[in-house]
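The values are calculated or read from the model by the stated rules, or taken from the named source; none is laboratory data. The shown structure was predicted, so the numbers you read here are calculated from the model rather than taken from an experiment. Cβ coordinates were reconstructed from backbone atoms using ideal geometry, including for glycine residues, and neighbour counts include every protein chain displayed.
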Amino acid sequence: MSATDFPLPPATFEFLVLSLKMQVEMRLFGGDSEDDHGPDLMAARHAIDLLAMISEKTRGNLTIEEQRLIENSLTELRFRYVQAVEDAAKSAGKAKAAAAPEPSADAESADEPKSE
């Protein structure tokens, strides 16, 4: 084992759920890198759907702790996903408003009916 190697955690249901949860959080909130292009909502939604599918397929076969973990994780991630979608919509609206040209005085007067 070299100095850069480290032991992997055991392959448990808890580790699987927490790994998927971390993937969603990284997709929603990204990192602090300069290459970050904002949230990847499609990938986050896909990971949430995977976790929901695992929840459905394992129903009745989990311990109480495992069931609580997956249900609480899904609830939290769905809430955060909705928040991220709303934030993205607000940001898009602000960017669109900032990019829209201001109407000029000539354009406004052209729209007004002329009185003779």
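Values as computed for the structure displayed
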quantity: Condition check for K94: out of contact with any Cys (no Cβ under 6 Å at 6 or more places or on another chain), at pLDDT 70 or above and farther than 25 Å from L16 by Cβ; calculated: yes
quantity: Any hit, segment 51-67, residues being of a type in the set (D, E) and under 14 Å from the mean Cα position of the chain (by Cα); calculated: no
quantity: Residue list for segment 61-83, filter: in a loop (DSSP other than H, G, I, E, B) and not hydroxyl-bearing (S, T, Y); calculated: N61, L62
